[in-house]
1. Quick check, is Val12 buried (at least 16 other Cβ atoms within 10 Å of the Cβ), closer than 15 Å to Val117 by Cα and out of contact with any Pro (no Cβ under 8 Å at 6 or more places or on another chain)?
2. Of the residues that sit in region 15-28 and are in a loop (DSSP other than H, G, I, E, B) and open to solvent by 30 Å² or more (accessible area, probe 1.4 Å), which one is modelled with the lowest pLDDT?
3. Kindly evaluate Glu89 against the criterion of being among the acidic types (Asp, Glu) and not in a helix (DSSP H, G or I).
4. Spot the failing condition for Gly9; the list is (1) of a type in the set (Gly, Ala, Ser); (2) in contact (Cβ under 8 Å) with a residue 60 or more places away in the chain; (3) in contact with a helix residue (DSSP H, G or I) (Cβ under 9 Å, 6 or more places away or on another chain), and only one is missed.
5. Regarding Trp36, is this residue free of Cβ contacts under 8 Å to residues at least 40 places away in the same chain, open to solvent by less than 60 Å² (accessible area, probe 1.4 Å) and either of a type outside the set (A, V, I, L, M) or farther than 19 Å from Leu4 by Cα (or both)?
6. Can you find, within region 1-14, the residue that is farthest from Tyr101 (Cα to Cα) among those that are assigned to a loop (DSSP other than H, G, I, E, B) and modelled with pLDDT under 95?
7. So, Gly56, is that one touching a residue at least 60 places away in the same chain (Cβ under 8 Å), of a type in the set (Gly, Ala, Ser) and open to solvent by less than 40 Å² (accessible area, probe 1.4 Å) or not?
8. If you scan region 64-73, which residues turn out to be open to solvent by less than 60 Å² (accessible area, probe 1.4 Å) and modelled with pLDDT under 95?
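The values are calculated or read from the model by the stated rules, or taken from the named source; none is laboratory data. Quick caveat: nothing in here was measured; it's all calculated off a predicted structure. Cβ: placed from backbone, ideal geometry, glycine included. Neighbour counts: every protein chain shown. Ligands, DNA and RNA are excluded from the accessible area calculation, which covers all protein heavy atoms including side chains. Shrake-Rupley method; radii C 1.70, N 1.55, O 1.52, S 1.80 Å.
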Amino acid sequence: QVQLVESGGGLVQAGGSLRLSCAASGRTFSSRDMGWFRRAPGKEREFVAAISWSDGTPHYVDSVKGRFTISRDNAKNTVYLQMNSLKPEDTAVYYCTCGLYSGSNYYARFWGQGTQVTVSS
C-alpha cells in the first residue's frame with residue numbers, strides 16, 4: 001500500500017514562487033521514480049516533471065523548463081517541486097506520483113490526492 005501526501009500549494013501572485021512537497025510511504029516496489037502531474041481548469045491532465053530515484057535525472061514538460069525544478073531526498077522518501085516565475089497558466093491541481101521512467105517516458109502508477117496551486121494575474 002502506497003500513500004502519497006502533497007503539501008505546499010496555495011495562492012500566489014504572478015511572478016511569485018511556491019515549493020511543493022510530497023512524502024511517500026509504503027512499498028513502491030520497482031516504481032521508485034517520482035513525478036508531478038497537473039490538471040488545470042477545463043484542461044486534460046498533463047505531465048509536469050519527473051525525477052529518477054537512482055541518479056536524480058530530471059525531466060520537464062517544455063512549458064515549465066527554466067522555471068520549475070524537481071528534486072528529491074531519498075532518505076526522507078520525499079520529492080519537491082520548486083516553482084518560480086509562476087504564471088496564471090500554472091493554476092491547477094498538482095498531483096504527486098510514483099512510477100517508472102523508462103527510456104524517454106514516465107509511467108505513473110501511484111497517485112496522491114493533489115494540492116491546489118492558484119496563480120493570480
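1. Values: buried (at least 16 other Cβ atoms within 10 Å of the Cβ): yes; closer than 15 Å to Val117 by Cα: yes; out of contact with any Pro (no Cβ under 8 Å at 6 or more places or on another chain): yes.
The answer is yes for Val12.
2. The qualifying residue modelled with the lowest pLDDT is Arg27.
3. Numbers: among the acidic types (Asp, Glu): yes; not in a helix (DSSP H, G or I): no.
So Glu89 fails the test.
4. The number of the failed condition is (3).
5. Details: free of Cβ contacts under 8 Å to residues at least 40 places away in the same chain: no; open to solvent by less than 60 Å² (accessible area, probe 1.4 Å): yes; either of a type outside the set (A, V, I, L, M) or farther than 19 Å from Leu4 by Cα (or both): yes.
When the stated conditions are applied, Trp36 does not pass them.
6. Of all residues in region 1-14, those assigned to a loop (DSSP other than H, G, I, E, B) come to 1-2, 8-9, 14.
Okay, now just the ones that are also modelled with pLDDT under 95, so 1-2.
Details: Gln1: 20, Val2: 18 Å.
Taking the candidates together, the pick is Gln1.
7. Values: touching a residue at least 60 places away in the same chain (Cβ under 8 Å): no; of a type in the set (Gly, Ala, Ser): yes; open to solvent by less than 40 Å² (accessible area, probe 1.4 Å): yes.
The answer is no for Gly56.
8. Going through region 64-73, the residues open to solvent by less than 60 Å² (accessible area, probe 1.4 Å) turn out to be 64, 67-68, 70-71, 73.
The answer is Asp73, and nothing else.
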